[in-house]
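Values quoted throughout were computed directly from the atomic coordinates according to the rules given, and no laboratory measurement underlies them. Because the structure is predicted, anything quoted here is derived from the model rather than measured. As a convention, Cβ positions derive from the backbone with ideal geometry for all residues, glycine included, and neighbour counts pool all protein chains shown.
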4 protein chains.
Amino acid sequence: MKALVYHGPGSKSLDEKPMPKLISATDAIVRITRTTICGTDLHILKGDVPTCEPGRILGHEGVGVIEQVGAAVSTFKPGDHVLISCITSCGKCDYCRRGMYSHCTTGGWILGNKIDGTQAEYVRIPHAETSLYPIPAGADEEALVMLSDILPTGFECGVLNGKVQPGSTVAIVGSGPIGLAALLTAQFYAPAQIIMIDRDANRLEVALTFGATACVNNASGDPVAEIMKLTGGIGVDCAIEAVGVPASFELCESIIAPGGTIANVGVHGVKVDLHMERLWDRNITITTRLVDTVSTPMLLKTVRSGRLEAGKLITHRFKLNDVLKAYETFSQAADTHALKVIIEA
Amino acid sequence: MKALVYHGPGSKSLDEKPMPKLISATDAIVRITRTTICGTDLHILKGDVPTCEPGRILGHEGVGVIEQVGAAVSTFKPGDHVLISCITSCGKCDYCRRGMYSHCTTGGWILGNKIDGTQAEYVRIPHAETSLYPIPAGADEEALVMLSDILPTGFECGVLNGKVQPGSTVAIVGSGPIGLAALLTAQFYAPAQIIMIDRDANRLEVALTFGATACVNNASGDPVAEIMKLTGGIGVDCAIEAVGVPASFELCESIIAPGGTIANVGVHGVKVDLHMERLWDRNITITTRLVDTVSTPMLLKTVRSGRLEAGKLITHRFKLNDVLKAYETFSQAADTHALKVIIEA
Amino acid sequence: MKALVYHGPGSKSLDEKPMPKLISATDAIVRITRTTICGTDLHILKGDVPTCEPGRILGHEGVGVIEQVGAAVSTFKPGDHVLISCITSCGKCDYCRRGMYSHCTTGGWILGNKIDGTQAEYVRIPHAETSLYPIPAGADEEALVMLSDILPTGFECGVLNGKVQPGSTVAIVGSGPIGLAALLTAQFYAPAQIIMIDRDANRLEVALTFGATACVNNASGDPVAEIMKLTGGIGVDCAIEAVGVPASFELCESIIAPGGTIANVGVHGVKVDLHMERLWDRNITITTRLVDTVSTPMLLKTVRSGRLEAGKLITHRFKLNDVLKAYETFSQAADTHALKVIIEA
Amino acid sequence: MKALVYHGPGSKSLDEKPMPKLISATDAIVRITRTTICGTDLHILKGDVPTCEPGRILGHEGVGVIEQVGAAVSTFKPGDHVLISCITSCGKCDYCRRGMYSHCTTGGWILGNKIDGTQAEYVRIPHAETSLYPIPAGADEEALVMLSDILPTGFECGVLNGKVQPGSTVAIVGSGPIGLAALLTAQFYAPAQIIMIDRDANRLEVALTFGATACVNNASGDPVAEIMKLTGGIGVDCAIEAVGVPASFELCESIIAPGGTIANVGVHGVKVDLHMERLWDRNITITTRLVDTVSTPMLLKTVRSGRLEAGKLITHRFKLNDVLKAYETFSQAADTHALKVIIEA
């Protein structure tokens, strides 16, 4: 079968690889119909993710059709259409039982990282019954690819952890795909204000069409002053960090209101300065989270009911044969204005 | 001044009454600009509310302008535009400190009940600093009358207590003003389904324009079967009782899903049958609540930001001189299709 | 093997039955070392539980040793000592993923009800990995039998649902085993008062030794007046119903403070009167629950750390050969003062 | 009257000062019967608190007797025994209404900081009705001095924010008075383990008598390794920082389990390094808080019911005339083994 293979920092190719086989009785083999590329795939290609070794098929998102199931799988059968969660969950370890699938002792983020992933014609999914979700007949399957990772990540790590509530004031630092996913799902809770912050004018324009109530370009000027002005000098109830660098985290520290929450979504490579000398008496909360995808069943309901337009994040479409072009388009988002790119297998 | 006075069961008139005076240092006198009529006012007129004695000026909703303040009032001054809460709160008793203003030991629902109310040219508001809310310049003051009672009631007693969440299935039994207030505010949380149940076809039509996803007319047929069909045989996550009679409460008992919540909003005059022989192992929650108006500051923000169209509930407008006609219109809602009627003073 | 078999209303015997066999790949066979009798077993013997058919081996509590595991079971192996949960949980259905194991679509309360139970030498446990808990070396295994059902039931249905908090005032109606289990676990939260109510003077004496701060005998006198006096006329923050009859539920309705919670634990056979005409504006919550045993890992930690003396509930010990005598002792608790009886297999 | 006055960094004296007078109608004058010294008083004396100007009477803790009340004070009268909260709360601003008294717009921590404090014979208390608590007849008033600041601080900032639960594993870094206050109140929730960390062997010994289950001396050795060993390699569910320096905060970062909470109590003067490169995917929460004293009514109940032995923190007693000696004893705690020192006025 065809698969996009990582060959070490800076190197990838579309290769012919053997079909995956069932290893455990709880596995399933899924024929991929659509997958996509994540910012994390680019991190791997930079050599930033040591757990991912050369030879690995990349990708942890997608929808497809069950091809084969292990002996212990009773809730899925060949032919079933399924959504693949980026997080593999056994359903039985202490973490899974507490809803913290990201830390599953035999799962977590392993697809396209520690085991072969979804940017291929077929993929093996361990713990299939608790890591796949049935797709109802008639669903827009392309849009559901956004539920593998990006929408649950924006929602769980940003919106839920950030305790967005009706009437809240929210700032989202970073208007890339993940910030926009937080923007879309923040609207579940009717906040009064959602301020998007980014250095890219185009992304801020997109944010306005996605429901932002105000935008601040932090490429220049004094973004803290602008945000404080927009919030009557109080700051925001919820600041969502959707970039992953010290500067954007510290911006959140500067705009958070007393009693507010900083919800980190970004992947960080270095430490940040936490200004406890200013924050110790401000009654704030800071959260970190690797997405658990515990909200996937709920998100499926909001998509089905029309409350969440998941497909809005999709800007480009490619065939698996053109996956290298898809990577090029996605990685040059400033020029291509790409958000999420669909790859049809 | 002119005031609508209760003279005992079945009897009311627009009378000339003396101007209210400050009694306590924490009082304010408010000149009413707009008030409205509540279902509870009709209960009083039927003789159902023994705490309300003949001679009482009715009304517990409205907006107006501060005329005079007591010596201990520092946050309001004459000329300020204010929203009057139906619940008087001292801000210092145990209940107020826990956010349960409805049970304030020197307040609670006293306006137009134990003390003179708002259907008049002027009203005395005790504990003014914690029972009035400033109206920002440029606000639609008429719409804000809906924040005195009906919207916080629908929201707190129905939506908040009912734990409506993104993706939830909600049923609201009763599509009168209070059920519609719950319908409007339930949408803060992006539920997947909101099913309205009523015997009045017109009210159900209104509900559809207010955001209901389905309607069930329980004047005939098998409403339980219809609702179970709409929910895939599971029942609803949240059932809001917005009528106040045993039949509608028992309907909620019949449609609640395992793990769901029945949030009672209706005012009940008699006991109901609680079918514990069916419900003891269903993991359900039942809540009761007199509105606390603790959500008023938040609701003001959602109105200001356009998330809540409070004015949609207003169907008729009258001058204070025509208050008897306003009562007639409101009490014959089946014919007049009245929801909330505004009375301009 | 020997097993206690239900032969229809009023009839049971210790019979020779075939050894259980693995049916599904996720099953385990457990050699029972200790089991016990539950009030529900007596309900079955009265013919009150139609799902339990003649020929059924009774019992849903116990500890034992893994004898054999199905092909898909990887977390247990023969020789492991295990605690058996009264609730069977698949870990993968919607209810299990939400922590509501009681409503597992292929589990729930099935042991000694819809499938053969634990009052035998061996038992088959479906969904073994998510329905058994490993017993750490050196644990008091006899005491852990109390964690199969009675302690999680008292804790989850009574204490957790009742929102017992530091400084709370708690009333527990019913001082039998389940009420005492609630009493023991309520003390996790340092309530200020725990008032036990029962008609049996001996049980109230036991309650005082278990940590009750006051007792009310409701065999005569005016229990409501006594409880109101004990709480300064306010009533209790949390009332736990641990009997299952209308009178005790209505007692809870009469003593609940504004803002309080009635947590039902008792198994009810008939409806109760819910006095909504008094309660609609009292801001109360009523909960029902079949135990989910979602707290079992936490309870194991509290037992191990000495915070919970689970063994205190054990009053009598029998061999499996004397199981009929064990039933006699347990069912005549008023005379025998039995709480929980251990049966050694 | 006599009062301990701050005269600038390093300088204080017991001076004769004029009696305080009522300024606002909501004030009360309290005759102090007992007060104490806080670590924050030492910070002021070092010159670390710029809001506190020379000439200020220090102290923000104490109990006393109402001497005089303003015209708007109705819930207290001369002769009433009262507990003084370290936080002044108006009960009516947005922050107070949300239970965040620490950020009261006309209160917060002002006593002995922005206005004269309690280390004197008399003190003026603004917003008296919402900043004083009645002491019930027969209470141990000396012990209640611990409820002015130290116990609510340890409880709210450490235990509540840290979400200590039955069965939790807790580490408290810093075994001084505030760490010990967290230790005492953590036991409200029956955690399985409470590990105290300090460099002072005596303080760790005290911690063991106060209920710690293990102690780690971090003056030498590898405290992280020791704590990981005590927790089976997982780390702690809750880490309470009760020192206020970067090293102890970073220790918390190193021992927190996935899904855990770091609750900061310490007063910090400089920034700390937040290792987001390790923590971004650990699903942790970090909280900061200036005590709100919103838990004071609850703590009063736990003291009265015997669940909290507040007096255990008191090690020394002085007369107001010897207040300088009291300061000396408190500030040299390593030698004197002082925890809290009572000053009788």
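In the protein assembly as shown, the DSSP-assigned H stretches of four residues or longer account for a calculated mean residue ellipticity at 222 nm of -6000 deg cm²/dmol, using -39500 (n - 2.57) per stretch and the full residue count as denominator.
To the nearest 0.05, how large is the calculated FRET efficiency for C:K229 and B:D48 if R₀ is 35 Å and r is the Cβ-Cβ distance?
Values: r = 32 Å, r/R0 = 0.90.
About 0.65, to the nearest 0.05.
With contacts defined as alpha carbon pairs under 8 Å and 6 or more residues apart, what's the relative contact order of chain B in percent?
On the way: 814 pairs, mean separation 58.0, N = 345.
Rounded, it is 17 percent for chain B.
With 31 Å as the limit on Cα-Cα distance, the pairs of A:K92/C:K114; B:K163/D:K77; A:K21/C:K92 that go past it are B:K163/D:K77. Here's the list of aspartates and glutamates a cross-link from A:K46 could span, going by alpha-carbon distance under 15 Å and ignoring same-chain residues fewer than 8 apart: A:E328. Among the residues of D:266-274, the average count of other protein chain beta-carbon atoms within 10 Å of the residue beta-carbon is 6. Assuming charge only on the beta carbon of Lys and Arg (+1) and of Asp and Glu (-1), the dipole of chain B about its Cα centre is about 620 debye to the nearest 20. Put simply, the amide H of D:I342, placed in the peptide plane, has neighbours under 5 Å in D:T315, D:H316, D:R317, D:F318, leaving out anything fewer than 5 places away on its chain.
Using the crude model of +1 on Lys and Arg Cβ and -1 on Asp and Glu Cβ, and no other charge, please compute the dipole size for the protein assembly as shown relative to its Cα centre, in debye to 20. Could the numbers behind the result be given before it?
Details: 120 positive and 144 negative charges, 0 e Å.
Using only the charged Cβ atoms, the result is roughly 0 debye.
Between B:E328 and D:S331, the modelled label-to-label distance comes to 8.3 nm, taking each label 7 Å out from Cα in the direction of the beta carbon. Sorted shortest first, the separations between the C:P50 label point and its copies elsewhere in the assembly read 4.4, 6.4, 7.7 nm; each point sits 7 Å from Cα along the Cα-to-Cβ line. Across peptide A:162-168, the mean count of Cβ atoms from other chains lying within 10 Å of each residue's own Cβ comes to 5.
When you restrict to C-alpha pairs under 8 Å that are six or more residues apart and normalise by the size of region A:63-148, the relative contact order lands at 33 percent. Each Cα pair under 8 Å and six or more residues apart adds its separation to the average, and for region D:245-324 the resulting relative contact order is 27 percent. Amide H to amide H, with H built 1.01 Å from N, C:Q68 comes under 5 Å of C:I29, counting only residues 5 or more places away or on other chains.
If you take all other residues with their beta carbon under 14 Å from the beta carbon of B:P134, and give Lys and Arg +1 and Asp and Glu -1, the sum is +1.
Rounding to the nearest 20 debye, state how big the charge dipole of region C:13-156 is about its Cα centre with +1 on each Lys and Arg Cβ and -1 on each Asp and Glu Cβ.
Values: 12 positive and 18 negative charges, 89 e Å.
Computed about the Cα centre, the dipole is about 420 debye.
For C:R199 and D:T209, what is the calculated FRET efficiency with R₀ set at 51 Å and r taken between the beta-carbons, to the nearest 0.05? So, using R0 = 51 Å, E works out to roughly 0.75. Using a 7 Å projection from Cα along Cα-to-Cβ, the label point at D:N321 is separated from the same position in the remaining copies by 8.0, 8.3, 10.1 nm, smallest value first.
Give, as a single signed number, the net charge of other residues whose beta carbon lies under 10 Å from the beta carbon of B:E241, with Lys and Arg counted +1 and Asp and Glu -1.
Working: positive: none; negative: B:E250, B:E253.
Combined, the nearby Lys, Arg, Asp and Glu give -2.
Each other copy places its own label point for C:A247 at 3.5, 6.7, 7.6 nm from this one, sorted shortest first, where the point lies 7 Å along the Cα-to-beta carbon line.
For the protein assembly as shown, what proportion of DSSP beta bridges, expressed in % and rounded to the nearest 5, is antiparallel? Before the final figure, lay out each step's value.
Working: 124 of 232 bridges.
About 55 percent, rounded to the nearest 5.
Which Cα, out of B:L290, B:A247, B:G64, lies furthest along the positive dipole direction of chain B (beta carbon charges, K/R +1, D/E -1)? Positive-end residue among those listed: B:G64.
Using R₀ = 35 Å, calculate the FRET efficiency as 1/(1 + (r/R₀)^6) where r is the Cβ-Cβ separation of A:A219 and A:E309; round to 0.05. Write out the running numbers ahead of the final one.
Values: r = 29 Å, r/R0 = 0.82.
That pair, A:A219 with A:E309, gives E of 0.75.
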